[in-house]
Amino acid sequence: MAFSTAGGGPSAPQMNVTPLIDVLLVLLIIFMLVVIEQKPKGLEAQIPQPAPPTAHNVPPPDTTIVILVHHAKAGAEHPQVMINKEAVDWDHLRDRLRDIYAIRIERIAYVEADDDIDFQDVADVIAIARIAGVDRVGLLTEDGKHAPVTG
């Protein structure tokens with residue numbers, strides 16, 4: 001017995017895809033509108049705010065400390081010493097430098113001396129600076145440029 005499937009008999013159910021295509025097109029339009037409505041936004045940045053003023057705020061220290069060694073006054077045992085144009089007594093040099101470098105992170109000082117100052121006096125100033133807490137000492141030349149900083 002042979003069966004024939006052509007022609008007669010019930011047909012297989014077929015799916016209607018037209019409503020599915022309509023739903024997909026509506027969803028596509030909705031997604032397009034959502035993307036268009038989003039405003040482009042730049043990078044978020046957190047801007048540092050200044051610290052609130054208090055009574056304990058200390059002004060930031062000068063970035064460069066220069067120790068000037070000048071000619072001694074008549075009859076003086078040691079030459080005149082200045083720290084950033086502030087006259088300092090030779091006996092109080094170590095204490096003044098210790099006070100300056102107590103609040104500083106960068107512990108570098110430069111020494112500038114007159115041409116005819118004994119090098120022993122310059123070496124004494126360097127030794128006092130090192131005792132006071134200066135980590136690195138540089139020597140300034142006549143034109144104001146600094147020589148390499150020694151450790």
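No value in this document is a laboratory result; all are computed from the given coordinates. These numbers were taken from a predicted model, which means no experiment stands behind them. Note: ideal-geometry Cβ built from the backbone for every residue, glycine included; neighbour counts use all protein chains shown.
A few remarks follow.
- FRET E, pair residue 86, residue 47, Förster distance 30 Å, beta-carbon r, rounded to 0.05: 0.25
- Highest average first, the peptides 11-17, 117-123, 106-112 ordered by how many other beta carbon atoms sit within 10 Å of their residues are 106-112, 117-123, 11-17.
- Using 0.36 nm per residue and subtracting the Cα-Cα separation, the extra length available between residue 115 and residue 18 on full extension is 24.9 nm.
- With all projection directions averaged, the alpha carbon convex hull of the range 65-139 covers 4.6 nm².
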